[in-house]
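Only one structure is covered here, and it is reproduced in the block below.
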Amino acid sequence: MSDYPLALEYMSRALDIHEELGERYSVARVTGNLGNIYAVTDDHTQALDHYGRALSVYQELGRTADVPMVMGNIGLAFNKKNEYPLALDYFQRALKLCSEQGNHATEVRITGSIISVLICMERYVEAADLLEQQAAMNMDDPGIRTSHSVNRADLSMVNDDLETAKSYLQQGLDIATSAHIRMMAASCHLRLRDLAQKRNDFAGYIVHNNEYNRIT
C-alpha cells in the first residue's frame, strides 16, 4: 500500500520480538526487509547498513541460499548511489553464487541488474551480449520482464533508434500495468515522457507526464 512509515513501524516491532526470542534467521530476514523499505524510500545508506547486517547473520548461520538475494540488494543500493563498480562487484558475486547453487530464479533477476549497471557504465557491448543471454532464460516474473524491456529500450536509445526504444518502453509499461507494479509503471511513464520530448511528441509528453504524476 506504499505506507512505508507504518511498514517500518511493524517491521521494527517484529525485529525486536525476534531478537528477544533469539531467532537469528528471522532477525536476518526482517533486517533485510527493513533494508528493502529504506531502499524504496531512497535512504540507501540505511538500506546498506541493514543489508550488511542481514548478510552477516546469514553467513554466520550458513544460510548460503539466502546470500545471493541480499548481495543483489546491496548491489542495487550501490547502483542507486551511482557507485557502479561496487554495484557490479556485488552483482557478479551474487550471480556466481546463484550459478553454483542452481538458483535460476535469482540468477535471471541478478542478470538484469548487471545489464542495467553495465549500461550506466557505458559498457554497451557487454550489456547487449548479456541481454541476449537473459532473453534465453525463464522470465516468468513480470518485474523481470519489465526490466528486460526497459534495458532493451535504453540500448536502443544509445543507438538513436527512438522508435524501437518507444516500442520496448510501451511493452514494459503494459507488463508493469497488468501486474500492478505501480513503481515500475511510473518509471516507464517517466522514460516515455522524456523520450516524447526527444521525439518532439508534445501530446505524448503530456499524457506520460500526467500518468507519472498521478501514480507518484
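The values are calculated or read from the model by the stated rules, or taken from the named source; none is laboratory data. All of these numbers come straight from a predicted model, not from anything done at the bench. All Cβ positions, even for glycine, are placed from backbone atoms using ideal geometry, and neighbour counts span all protein chains on display. Accessible surface areas use protein heavy atoms only, side chains included; no ligands, DNA or RNA. Shrake-Rupley method; radii C 1.70, N 1.55, O 1.52, S 1.80 Å.
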With charges only on Cβ, +1 for K and R and -1 for D and E, what is the dipole size of region 4-149 about its Cα centre, in debye, rounded to 20? 60
Could you give the distance between the Cα centres of region 9-56 and region 150-181, to the whole Å? 33
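What whole-number value in Å² describes the accessible area per residue of the chain for a 1.4 Å probe? Don't skip to the end; give the middle numbers.
On the way: 11720 Å² over 216 residues.
Here the residues of the chain average 54 Å² of exposed surface.
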For volume of the Cα convex hull per residue in Å³, pick the label among [x] 122; [y] 254; [z] 131 that corresponds to the value derived from the coordinates. [x]
Per Stokes-Einstein, at 20 °C and 1.002 mPa s, what whole-number D in µm² s⁻¹ belongs to region 79-120, with the Kirkwood radius over Cα pairs as the hydrodynamic radius? 209
Along the positive direction of the dipole of the chain (beta-carbon charges: Lys, Arg +1; Asp, Glu -1; about the Cα centre), which of A77, S12, I206 reaches farthest? I206
Where a ≥ b ≥ c are root eigenvalues of the Cα gyration tensor, a/c under 1.5 meaning rounded, otherwise prolate if a/b exceeds b/c and oblate otherwise, region 1-129 counts as oblate
May I ask you to give the percent of accessible area on the chain that is carbon plus sulfur, with a probe radius of 1.4 Å? 51
Calculate, axis by axis, the spread of Cα positions in region 103-216 along the three principal axes, and write the results as whole Å, longest axis first. 43, 30, 19
